[in-house]
1. Compare the Cα positions of 121, 474, 244 along the charge dipole of the chain (+1 at Cβ of Lys, Arg; -1 at Cβ of Asp, Glu; about the Cα centre) and return the one farthest towards the positive end.
2. Using the Karplus curve 6.51 cos²θ - 1.76 cosθ + 1.60 with θ = phi - 60°, what ³J(HN,Hα) values do you get for each residue of segment 114-129, in whole Hz, with x for Gly and Pro?
3. According to the square roots a ≥ b ≥ c of the eigenvalues of the Cα gyration tensor, what is the shape class of segment 60-180, taking rounded for a/c under 1.5, prolate for a/b larger than b/c otherwise, and oblate for the remainder?
4. For segment 498-721, what ratio Rg/Rh do Cα atoms give with a Kirkwood hydrodynamic radius?
5. Please report, in debye to the nearest 20, how large the charge dipole of segment 498-721 is about its Cα centre when each Lys and Arg carries +1 at its beta carbon and each Asp and Glu carries -1 there.
6. So what are the chain's ellipsoid semi-axes, whole angstrom, largest first, if each one is the square root of 5 times an eigenvalue of the alpha-carbon gyration tensor?
7. Return 49, 262 ranked ascending by Cβ neighbour count within 10 Å, so the fewest neighbours appear first.
8. Is the shape of segment 141-186 best called rounded, prolate or oblate, per the rule: a/c under 1.5 gives rounded, else a/b larger than b/c gives prolate, else oblate, with a ≥ b ≥ c the square roots of the Cα gyration tensor eigenvalues?
Amino acid sequence: MGKRVKIGYGLIAIVSLLITGTTAETQQKIELEKLSGDISLNLRNGLWKDWSGERVYQTITVDLTCSRGECQSTAWGYAPSFHQDLDHLGTVEVLATENIWRLKVKLAVQSSPWTPEETATADYIIELIPLDGKLIGSYAGDFNRVPVRGPVTGIVKNHSSQPIPNHQPITKGEHPRLIFRREEIPAIRAKIQTEFGQQIMNRLSEALESEIYYEGIAPNGGSHAASHCFLALINDEPESAAKAWEIVENTLNNPGPRLLEKSTITQGITLAYDLCYQYWDETQINRLTTWLETETTKLLNGDTHQRGWNGNAWSNWNARARGAAGLAALATLGESSESSKQVEIARRNVQRYLHTALGDRGFGTEGDLYTRESLNGILPFFHAYQEVLGQDLTTNSPLVWVIPHYLNRMVKQGQEVSVPAYGRHRIAPTGDLLVLSWQTTPAEFLPAALWVFDEYFTTNGVGNFGIDNHQPHLAIYALTGYPEGIRAENPARLIPRVQADSVRGFVTWRNQWRDENDFVSSIYLKRNPLGASWSYPDVGSFRIWGLGERWAISGPDLPEPENENVLMLSQGAFWESAEPIFWQANPNGSGIITLKTNNVFKPDSALPLGITALRTFAVDYSGVAGVPGLFVVVDRLMGAVDNDYFQDNTWIMHTPGKVEIEGNTFMIISASGATMKGTFITPVSVNITYQTTETGGVIQATGDDRFFVVMTVQSQPPPELEIVGTGLNSLVKIGNQTITVTEDGVKFSVF
């Protein structure tokens, strides 16, 4: 072992000499502040597996929590290519911190979640120096009695958890603990006596009258049981606890065929266990404690692909299962020997989901529905983590932008609050997100969230208080978490009207938060797509809502390009992703973006014949054009545009309204009388058609490989367009606004 340590030190000495001109022994002392935070070290070839008699080496990441070079004793290892459903627990010892940071790490590495007894030991001596915001160095040691060594790279991030001020640790056997603590019960009872409290309780009663589903993909017996347990605790009603137990037994008799269903079941049963703890007898509690331990293990272990399991970090399966497992482990903390470890494994999985699935402004790679389902699993876990362990997991995570992201996109229209959604089923978080997030919403965004909740979801709006009939337990979060003593503020004062998620490539433009006439438009670039998860062919697809109507919507719920608002290639091939090449934004919510797609190639071609698209989407809410909403779409194909394979491409836009076509224009007429008029500046000889679909209808246009479309939305007769020139060289004047196409985008004369 000593010899291998010497080799590791020699490697880092060489690295140090090349970079600094000195050896590690003589260089300046390490700035210890650079060794504070959550530190991840990638050890290349730190593990190996036997494949057909040969060793295949794989990288392992070692995660540490440190302050000024001194670390907590616990180390965690993760190697997804070794096994993506396993986190490997171990220890770290700091050996030196002066000229070099030397660590001794020991991990117990499992080969399979289902055979925990089969473990191998990994021992590493790691030597590092900080350089340009990163850590570099080498390691040496052995894994499974075989010597390993190689380079190490590391990153230092802010601590993922932050202590909650004045938190009081829970005591053994203390319940409730997951949503609120026992000492809060008198205040909750007083809150129920207020008008707001009575409204919530009435809404809970309505939801509890709905059907209980013990089977199917969304079983909700646990949600009903938890709700009855809440009534038992708040009203001191043993009969409600008895009713809850009946539902629990029925739920246990229908355990769910896959981890997808088990996640929802476990979450509900966990909340019921916590809230009814004092009302159920020892036999019932012991039975559920054992059941929760077993289900937690199943959810953390993952499953087989044959049963639908997707263990990739960014999959909603991971988020749902590990969120529920973490909640259950927190409920049994102090009563189960494995729960402490399980809490941290769940936390690590959930945080990997957040850092891979969500972009830097809250948009999820699997679309809105699966982001919603993931958040419904994660948020109760993070809430309970605060209550039980006194640690905030939100502040330094991508979750901080989820609330402003969806506040920017929510629109109240009549008796419905919706989002112009993307992905499967085109369903997005709305009120459920707000009520589950009261405790985890960053303070700077909370007044905006409160404004939207009050205006959209209380009796001022749709009146459901964010509680849908299928999830009555949301009433507990809506009531207990609703912030008091905070003044609601219009979101326009607190969050940007233009939001761009640069990681996922999703942009939203909003003009105001006032009423159902608000405009919301968006486009999806599908930047940095992730495989092995839900994905729709929606590169460059846009949405336009405004004046109480939906103008550009998604089409039927099938993953085909023709069901999105895109430029569709005639042969059915479609682009996988796009990058922004031009960007402009205005604080009033207006903006311009140009995206460039990846290449689509003609299959079986002797030469690489490919085609790339540029799409510009421009939004003007200024009113300069004489209309409240002006939208411009410019499409240009580049590459093998003359090849027969890439001919007869189609411009597509779905809409629910009545459509009239005349020449190079279309008019969408809504029931309210508001209209959208679209004019094709090019192609000159455009052919526009309209077909009905199950979501309304679709406008299709053909005629060239370039399209320049100007659309205005108004409640008055649409303004006339003055067009000078032809094709993409045209100058289009509307009111006091002039539109021209540039090499990389669109230019408004007034912006």
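Each value in this text was obtained by applying a stated rule to the coordinates, not by laboratory testing. Just so it is clear, the model here is predicted, and its values are computed rather than measured. Here the Cβ positions follow ideal geometry from the backbone for every residue, glycine too, while neighbour counts run over all protein chains shown.
1. Projecting each Cα onto the dipole axis, the largest value belongs to 121.
2. With the stated coefficients, segment 114-129 comes to 8, 10, x, 6, 8, 10, 10, 8, 10, 10, 9, 9, 10, 10, 9, 9 Hz.
3. Values: a/c = 2.30, a/b = 1.28, b/c = 1.80.
Oblate, since a/c reaches 1.5 and b/c is not below a/b.
4. On the way: Rg = 17.0 Å, Rh = 17.8 Å.
With Rg and the Kirkwood Rh in hand, the quotient comes to 0.95.
5. Details: 14 positive and 24 negative charges, 115 e Å.
Value, rounded to 20: 560 debye.
6. Details: eigenvalues 430, 276, 111 Å².
Semi-axes from the Cα gyration tensor: 46, 37, 24 Å.
7. Values: 49 15, 262 21.
Ordered from fewest to most neighbouring Cβ atoms within 10 Å, 49, 262 come out as 49, 262.
8. Working: a/c = 5.88, a/b = 2.51, b/c = 2.34.
Prolate, since a/c reaches 1.5 and a/b exceeds b/c.
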